[in-house]
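To start, the structure under review is shown below, and the notes come after it.
The values are calculated or read from the model by the stated rules, or taken from the named source; none is laboratory data. Being a predicted model, the structure only gives us computed values, none of them experimental. Cβ: placed from backbone, ideal geometry, glycine included. Neighbour counts: every protein chain shown.
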Protein chains: 4
Amino acid sequence: MTNTQLTLIQIDNYGPWTVTPEPRREVDLQTLQSRLYADLSQLFGNRDGYVFFSRFDNMVAVTNGIDTDAHALIQESIGNRYPVTVSLSIGTGETPATAIETASEQLQAAGSAQASDRREILRGEPVADPDRTAEDVQIAHFDVNDATGKYTDRLNEFDTFINIEQSYAELMRYLRETHDSLSFFVGGDNIIATCPDLDAEQYHDAIDHVSEAVGVELKVGVGRAADAQSAGMAAKHALETCRYDGRDVVFGDQ
Amino acid sequence: MTNTQLTLIQIDNYGPWTVTPEPRREVDLQTLQSRLYADLSQLFGNRDGYVFFSRFDNMVAVTNGIDTDAHALIQESIGNRYPVTVSLSIGTGETPATAIETASEQLQAAGSAQASDRREILRGEPVADPDRTAEDVQIAHFDVNDATGKYTDRLNEFDTFINIEQSYAELMRYLRETHDSLSFFVGGDNIIATCPDLDAEQYHDAIDHVSEAVGVELKVGVGRAADAQSAGMAAKHALETCRYDGRDVVFGDQ
Amino acid sequence: MTNTQLTLIQIDNYGPWTVTPEPRREVDLQTLQSRLYADLSQLFGNRDGYVFFSRFDNMVAVTNGIDTDAHALIQESIGNRYPVTVSLSIGTGETPATAIETASEQLQAAGSAQASDRREILRGEPVADPDRTAEDVQIAHFDVNDATGKYTDRLNEFDTFINIEQSYAELMRYLRETHDSLSFFVGGDNIIATCPDLDAEQYHDAIDHVSEAVGVELKVGVGRAADAQSAGMAAKHALETCRYDGRDVVFGDQ
Amino acid sequence: MTNTQLTLIQIDNYGPWTVTPEPRREVDLQTLQSRLYADLSQLFGNRDGYVFFSRFDNMVAVTNGIDTDAHALIQESIGNRYPVTVSLSIGTGETPATAIETASEQLQAAGSAQASDRREILRGEPVADPDRTAEDVQIAHFDVNDATGKYTDRLNEFDTFINIEQSYAELMRYLRETHDSLSFFVGGDNIIATCPDLDAEQYHDAIDHVSEAVGVELKVGVGRAADAQSAGMAAKHALETCRYDGRDVVFGDQ
C-alpha cells in the first residue's frame, strides 16, 4: 500500500500578473517560469522530493518526508527571490489521485487562483513520521523504445514531438482514469508517474493501451521507497535493466 | 506570405549523458534542462526571437532576423556554461512545417542525435536581409476560455491539467496536419503557434475542431511582423482584445 | 568556545580552463561564477550553512551540521550541472583560522589547484554529532553607519565603493591577524565574519581600528548558535538593534 | 582619446527591502544578488557590454554602443523577473571617472537610493553613434604573477585571499586617484579596469606602486576598441602574451 504525499504548488494570481498593466514579454515569462521550476526542483529535491512542472503556474511535487516547516521555508525563499509568490497545499492518500484531490480542494477553499488577496497559503498535513513506511512512494519511469532511432533521427523534430506528445496525452489520461496515477512528461521521451501500489500486469496494461491507441511503444522501470528521490532512482535503474534485457516492465529493488 | 526562419536546437548526445556512468539524479536533470531553456530564451529573446521548450532536449526557436554569427555566439555561450553542448540548425520556408523539415534534415545529415562525435554542429542559412519583410512571421497565441473558472478553481489540478493537455495534443496535431503550423504549450492554459499565412476562417476551423474533439474552448490572438517578438506581442494584444469583446479570433495590428 | 566547521570549495583547474583553447568571453565567466556561487549558497543554505564568494574560484562555507554525505551530494549536483567540477575540503577548529588552515592543507596535499588530474576531491572530517554544541558558531554581521547618507547619495558610486572596499580590506586583515576571524564582503555595505569566541571589547577594538585606519565607521551584530544560519540570523537581529538604539556592538540571543 | 560610456545600475530601495518586515535570510539575499548580476551580465553582455558586480546593490557597466532603448528593455526585463527593480543612469566622458561622476549625480538628483518612491529611473545620454570611434574604450586586464604557485597552493585560502584583496584595494584606489580609472575585482586573481587613454608607462607605474605598497606582483594586458567586449577580449589576448613572454605590460591589437 502506498501512502503518497503530494504538494500542489500554485503561483498566486499569476494570470492577471502576466498581463498587468499590459502583456509582459513572453521571453521574460518563459524565463521566470522555467527558473522558478528549477529552483523548486532544487528546494524540494534537496529534501528528497520530486517536482513536476506540469502547467508551470501549477506544479505538482511528491513530498513524502518533507514537513510543514520545510514547506514554509521553501515558500519564503521563493517570495524572497521572485516577483510572484506561491501557495502550497499538501495532500496525502493511498493513491496519488486522492492526494491531489485533497490538496486541490484545500487550496480552492482558501480562494480563487486569481484572487488578488489570496497569497502564500500553506495548507494540509504531511504524513506523520510514525506512519511512514518504506513503500509509501511508487515511482514509474517510462520512456519510448528506441526513440532516437525511430523518431529523432528520422522524422522532422516536430513530427517526433507529436508522437511523443500523443503518447504522453494518452498515458496520462489512461493512468489517471484506470489506475489513479499521475503522469508527467519530463523531457526527451521520458514520462514519470507517481502511482499507487500497481503490479506488473497493470503496467503492461497501460503500455499496451498506449501502443494500441497511438502506436508508440513504451517501457517502464518501477521503484518503491520511503521518498520520491529513492523511489525515482530505483525506477531509473530498473529502466536501465529494461534497456539491457529487453523487458517492458521491470521493478527495481527498493 | 510568411517566410519563417526556425532554428532546431538539439543537446548533443544527451540521452547517453543522462545515464553515464550511471543514471544522474532527476532533480539535477530537471534543473539543467529548465535553466538551459531559460538561458536560450534570453539569448534568442534578446535578439527578438522566441524559443519553445518542446522536448527540452530538442527545442525549436523562431529566429527571423538572427544571423549565423549570433547563432555561433549563442552556441559558444552555452558551451561555456553547461556540461553539455548544443547543435543548431537553421531552416527557412513559406511554412513553419517546411522550415523545421529542412532544419531537421540538415542536422540528421550531420550525424545521429546520440553520436558521441557529433558536437556543436551549426548548419543552415538565415533569410537574407534583403528578402525579409514585415509579414515574415505569423504568431498565434491561444488560451482556454475561462480556464480558472471552469477548471483550476473547480477540478483537482491533475484533471485540469488533463483537459489542457488533451486540448494541446489535439491542437498541435491538427494545426500541423491541416495548416502546416507548429504549436507549443507555454504554460498555464497558453499555446503559441508559429503559422504560415492563415486567415480567420482557418483559425475558427482549428478552434472548432478542438472543441468538438475534446470539449475545450479556445480563443486566439494573431500577430504578424518581421520577427517573433513583435509578432508575438501583437498576438498578445489581440488576445487581450478577445478577452474584452468576447470574440474567438482577433488579428492584431502589426 | 566555538568549534567552527569550514568547507573550502575550489573549482578544479579553473584558471587553465578559462583560457583553453583560447580566452573565454568574460561575460560567460562572470555568469558561470556568480551562478555557481548562487547554487552553492542554496545547496549549503538549505542545510543551514553559509557560503561566501570570496574569490569565486575559491569559496569558503561555514558548514556546522552538514555531514560528509551531504557534501558528496552537493559535489555531485554541481558536477551534473556545470562545465567545471569542484573539490571540497572540510576543516574544523576552535577558531576559523585553524579550520581554514586544515582545510587548505588537506586540499593542497591532494594536488595543485591547477592540476588537470585532480578532480572532485572530498577531504576532512565534520564535527561529530555528539561534539556539537549551541555555541559552535559565532557570526558577526557588520555594516557601515549611514552608508547611504554619507556615501551612496553624496559621492560618485566608485568613490563610495572605494570607502567600503578600504574598510573591508582593513577589517579582514585586522580580524584575521588579531582575532583569528575570517571576514567576507557580502554586498552593499555589509561584511560578515565567522569568529571564535570574541567578546564585545574585541569587536569594539576592531571597529575602532578600522575607524582610525581608514575613517569608516562600522557597527556589528553578533549571533551564536549551533549552525551558521541560526547564528547569522541572530546577528542580523542584533544589527537591527544597533540601528534602533545607536550602539556599535550588540550580541543577539542565541 | 577614450570616450567611455558607463551605466550605474542601482537596486531601488534595496537596504530597507532586505530587512522588511524583518531581516531576510542571507542565503536568499546572496542568491538574489548574484543571479541579478549574472542576468545583467548576460543582458548587457549580449550587447557587447561589461558589467562589474562591485557592491552588488550598485553595479557599474561599460556600455558603449548600447542605446537608451536597450537600457529600457533591460530595466523592464529585470522588473519582470525579480522582486526588486533597478534604476539606470548613463554617463559619458573622456575618462571613466568623469563618466561615473555624471551617472551618479543624475541618479542622486532623482532621489535617494533608499527613497521608496524612486523606482526604475532611467537617465543620461549614450554617446551618439556618429561620435563613436574605434578607441572609445580602453580595458586593462590585470592578474597576479603565479598566483597559484605563490599563494593558492602554499598559503591557507584566507591568507591567499588577503593578499589578492590588499592588492585590489591598493590598485583600485591608486588607479582612481592617479589615472581616473575604475578597477573591479572579477574573481580568482583577476582585476579588470576601465581606463582613459593610458600608456605603457602609466601601467608600469601602477604595477610598481602595488608591488611596493603591498608586495603583490601584477601584470596587465590592455585592449582598445569601440565597445567593452572587443576591448576586453583584446586585453585578455594581450595578457596571454604577458604569460608567454614574461612582460608586465602588453597592449593588444584592436
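Please specify each residue of the range D:220-252 satisfying the condition of being more than 24 Å from B:SER77 (Cβ to Cβ) and assigned to a loop (DSSP other than H, G, I, E, B).
Residues satisfying the conditions are D:GLY246, D:ARG247, D:ASP248.
Would you pick out the residues in the range C:32-65 that are under 11 Å from D:SER34 (Cβ atoms), within 8 Å of chain D (Cβ to nearest Cβ) and touching a strand residue (DSSP E or B) at 6+ places or on another chain (Cβ under 7 Å)?
Scanning the range C:32-65 gives C:GLN33, C:TYR37, C:SER41, C:VAL51, C:PHE53, C:PHE56.
What are the pairs, 6+ residues apart or on separate chains, where a residue within the range A:72-83 that is closer than 19 Å to A:ALA61 by Cα has its Cβ under 6 Å from a residue that is at pLDDT 95 or above and polar (S, T, N, Q)?
Final answer for the pair search is A:GLY79/A:THR85.
Taking the range A:143-189, which residues are polar (S, T, N, Q), outside any helix (DSSP H, G or I) and under 19 Å from B:ASP180 (Cα atoms)?
Here is the first cut: in the range A:143-189, the residues polar (S, T, N, Q) are A:145, A:148, A:152, A:156, A:160, A:163, A:166-167, A:178, A:181, A:183.
Then keep just the ones that are outside any helix (DSSP H, G or I); that gives A:145, A:156, A:181, A:183.
A:ASN156, the sole residue that qualifies.
Return the only residue of D:ALA140, D:ALA113 being under 20 Å from the mean Cα position of the chain (by Cα) and not in a strand (DSSP E or B). Break it down stepwise before answering.
Working: D:ALA140 fails: not in a strand (DSSP E or B).
Of the residues listed, the single one that is under 20 Å from the mean Cα position of the chain (by Cα) and not in a strand (DSSP E or B) is D:ALA113.
Residues are listed down the side, and each one gets a yes or a no for (1) out of contact with any helix residue (DSSP H, G or I) (no Cβ under 8 Å at 6 or more places or on another chain); (2) among the aliphatic types (A, V, I, L, M); (3) in the same structural domain as C:THR178 (by TED's automatic domain parsing):
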{"residue": "C:TYR14", "(1), (2), (3)": "yes, no, no"}
{"residue": "C:LEU29", "(1), (2), (3)": "no, yes, no"}
{"residue": "C:LEU32", "(1), (2), (3)": "no, yes, no"}
{"residue": "C:ASP69", "(1), (2), (3)": "yes, no, no"}
{"residue": "C:GLN75", "(1), (2), (3)": "yes, no, no"}
{"residue": "C:VAL84", "(1), (2), (3)": "no, yes, no"}
{"residue": "C:LEU107", "(1), (2), (3)": "yes, yes, no"}
{"residue": "C:ALA110", "(1), (2), (3)": "yes, yes, no"}
{"residue": "C:ALA113", "(1), (2), (3)": "no, yes, no"}
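Would you tally the residues in the range B:50-75 being outside any helix (DSSP H, G or I) and not charged (D, E, K, R)? Even if it seems obvious, please write down each step before you answer.
Taking the range B:50-75 first, the residues outside any helix (DSSP H, G or I) are B:50-67.
Add one more test, that the residue is not charged (D, E, K, R), and what stays is B:50-54, B:56, B:58-66.
Summing the residues that are outside any helix (DSSP H, G or I) and not charged (D, E, K, R) in the range B:50-75 gives 15.
Which of the residues belonging to the range A:94-135 are buried (at least 19 other Cβ atoms within 10 Å of the Cβ), of a type in the set (Gly, Ala, Ser) and within 11 Å of another protein chain (Cβ to nearest Cβ)?
Result: A:ALA97, A:ALA99, A:ALA103, A:SER104, A:ALA113.
Out of curiosity, is D:ARG132 closer than 29 Å to D:ALA231 by Cα, basic (Lys, Arg) and touching a residue at least 60 places away in the same chain (Cβ under 8 Å)? Let's see the steps before the verdict.
Details: closer than 29 Å to D:ALA231 by Cα: yes; basic (Lys, Arg): yes; touching a residue at least 60 places away in the same chain (Cβ under 8 Å): yes.
So D:ARG132 passes the test.
Scanning the range A:216-249 for residues that are without any contact (Cβ under 8 Å) to a residue 12 or more places away in the chain and away from chain B (no Cβ under 13 Å), which turns out farthest from A:ASN163 (Cα to Cα)?
A:ASP245
Could you please find all residues in the range D:1-31 being farther than 19 Å from A:ASP39 by Cα, without any contact (Cβ under 8 Å) to a residue 12 or more places away in the chain and hydrophobic (A, V, I, L, M, F, W, C)?
As a first pass, look at the range D:1-31 and keep what is farther than 19 Å from A:ASP39 by Cα: D:1-23.
If we keep only those that are without any contact (Cβ under 8 Å) to a residue 12 or more places away in the chain as well, we get D:18-23.
Across the range D:1-31, the qualifying residue is only D:VAL19.
Within the range D:192-206, identify whether any single residue is part of a strand (DSSP E or B) and out of contact with any Ser or Thr (no Cβ under 8 Å at 6 or more places or on another chain), and answer yes or no. If you could, list the steps in order and put the result at the bottom.
Kept after step one, since they are part of a strand (DSSP E or B), are these residues of the range D:192-206: D:192-195.
Pick out the ones that are also out of contact with any Ser or Thr (no Cβ under 8 Å at 6 or more places or on another chain) and you get none.
There is no residue in the range D:192-206 that is part of a strand (DSSP E or B) and out of contact with any Ser or Thr (no Cβ under 8 Å at 6 or more places or on another chain).
Here are some residues: D:TYR37, D:TYR14, D:TYR50. Which one is more than 30 Å from C:ASP48 (Cα to Cα), among the aromatic types (Phe, Trp, Tyr) and surrounded by 22 or more Cβ atoms within 10 Å (Cβ to Cβ)?
Residue meeting the stated conditions: D:TYR50.
Each row is one residue, and each column tells you yes or no for (1) of a type in the set (Phe, Trp, Tyr); (2) over 20 Å from C:ARG132 (Cβ atoms); (3) in a helix (DSSP H, G or I); (4) at pLDDT below 95.
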{"site": "C:THR2", "(1), (2), (3), (4)": "no, no, no, yes"}
{"site": "C:LEU6", "(1), (2), (3), (4)": "no, no, no, no"}
{"site": "C:PRO21", "(1), (2), (3), (4)": "no, yes, no, yes"}
{"site": "C:LEU29", "(1), (2), (3), (4)": "no, yes, yes, no"}
{"site": "C:LEU36", "(1), (2), (3), (4)": "no, yes, yes, no"}
{"site": "C:ASP48", "(1), (2), (3), (4)": "no, no, no, no"}
{"site": "C:SER77", "(1), (2), (3), (4)": "no, yes, yes, no"}
{"site": "C:LEU88", "(1), (2), (3), (4)": "no, no, no, no"}
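So D:ALA213 ticks every box in (1) of a type outside the set (Ser, Thr, Tyr); (2) touching a residue at least 60 places away in the same chain (Cβ under 8 Å); (3) out of contact with any strand residue (DSSP E or B) (no Cβ under 7 Å at 6 or more places or on another chain) but one. Which box is left unticked?
The one condition D:ALA213 does not meet is (2).
Only residues that are closer than 27 Å to C:THR63 by Cα, among the small types (Gly, Ala, Ser) and surrounded by fewer than 21 Cβ atoms within 10 Å (Cβ to Cβ): list them for the range C:226-254, please.
Across the range C:226-254, the qualifying residues are C:ALA226, C:SER230.
Give me a count of the residues in the range C:174-225 that are surrounded by 19 or more Cβ atoms within 10 Å (Cβ to Cβ) and of a type outside the set (Phe, Trp, Tyr). Talk me through it step by step, then tell me what you get.
Here is the first cut: in the range C:174-225, the residues surrounded by 19 or more Cβ atoms within 10 Å (Cβ to Cβ) are C:175-176, C:179-196, C:198, C:203, C:206-207, C:210, C:216, C:218-225.
After this cut, where a residue has to be of a type outside the set (Phe, Trp, Tyr) as well, the list is C:175-176, C:179-183, C:186-196, C:198, C:206-207, C:210, C:216, C:218-225.
Summing the residues that are surrounded by 19 or more Cβ atoms within 10 Å (Cβ to Cβ) and of a type outside the set (Phe, Trp, Tyr) in the range C:174-225 gives 31.
Condition test on A:LEU29, is it more than 19 Å from the chain's Cα centre (by Cα) and either at the interface with chain B (Cβ under 9 Å from one of its Cβ atoms) or under 30 Å from B:ASP227 (Cα atoms) (or both)?
Details: more than 19 Å from the chain's Cα centre (by Cα): yes; either at the interface with chain B (Cβ under 9 Å from one of its Cβ atoms) or under 30 Å from B:ASP227 (Cα atoms) (or both): yes.
So A:LEU29 fits the description; yes.
Filter the range C:56-65 down to the residues that are surrounded by fewer than 24 Cβ atoms within 10 Å (Cβ to Cβ) and under 14 Å from C:ARG132 (Cα atoms) and list them by number.
Scanning the range C:56-65 gives a single hit, C:GLY65.
Which one is surrounded by the most Cβ atoms within 10 Å (Cβ to Cβ) among residues in the range C:71-93 that are within 14 Å of chain B (Cβ to nearest Cβ) and among the small types (Gly, Ala, Ser)? It would help to see each step written out before you state the result.
Residues of the range C:71-93 that are within 14 Å of chain B (Cβ to nearest Cβ), as a first pass: C:72-86.
This time we only want the ones that are among the small types (Gly, Ala, Ser), so: C:72, C:77, C:79.
Working: C:ALA72: 13, C:SER77: 21, C:GLY79: 18.
Among residues in the range C:71-93 that are within 14 Å of chain B (Cβ to nearest Cβ) and among the small types (Gly, Ala, Ser), the one surrounded by the most Cβ atoms within 10 Å (Cβ to Cβ) is C:SER77.
Filter the range D:200-254 down to the residues that are charged (D, E, K, R) and in contact with a His (Cβ under 9 Å, 6 or more places away or on another chain), then identify the one that is farthest from C:VAL19 (Cα to Cα). Spell out the reasoning first.
Taking the range D:200-254 and keeping what is charged (D, E, K, R), we get D:201, D:205, D:208, D:212, D:217, D:219, D:224, D:227, D:236, D:240, D:243, D:245, D:247-248, D:253.
If we keep only those that are in contact with a His (Cβ under 9 Å, 6 or more places away or on another chain) as well, we get D:205, D:236, D:248, D:253.
Details: D:ASP205: 27, D:LYS236: 9, D:ASP248: 18, D:ASP253: 18 Å.
Within the range D:200-254, the match that is farthest from C:VAL19 (Cα to Cα) is D:ASP205.
Just one of C:THR95, C:THR102 is assigned by TED's automatic domain parsing to the domain that holds C:HIS71, closer than 26 Å to C:HIS237 by Cβ and either within 16 Å of the chain's Cα centre (by Cα) or not small (Gly, Ala, Ser) (or both); which is it?
Numbers: C:THR102 fails: closer than 26 Å to C:HIS237 by Cβ.
Residue meeting the stated conditions: C:THR95.
Take the residues in the range A:136-154 that are touching a helix residue (DSSP H, G or I) at 6+ places or on another chain (Cβ under 8 Å) and in contact (Cβ under 8 Å) with a residue 60 or more places away in the chain, then tell me which one is surrounded by the most Cβ atoms within 10 Å (Cβ to Cβ). So that I can check it myself, show each step before the final result.
Here is the first cut: in the range A:136-154, the ones touching a helix residue (DSSP H, G or I) at 6+ places or on another chain (Cβ under 8 Å) are A:137-144, A:147-148, A:151-154.
If we keep only those that are in contact (Cβ under 8 Å) with a residue 60 or more places away in the chain too, we end up with A:137-144.
On the way: A:VAL137: 32, A:GLN138: 25, A:ILE139: 28, A:ALA140: 28, A:HIS141: 28, A:PHE142: 29, A:ASP143: 21, A:VAL144: 23.
Only one residue fits best here, namely A:VAL137.
Scan the range A:75-129 for residues that are in contact with a His (Cβ under 9 Å, 6 or more places away or on another chain) and under 17 Å from A:ASP227 (Cα atoms) and report the count.
3
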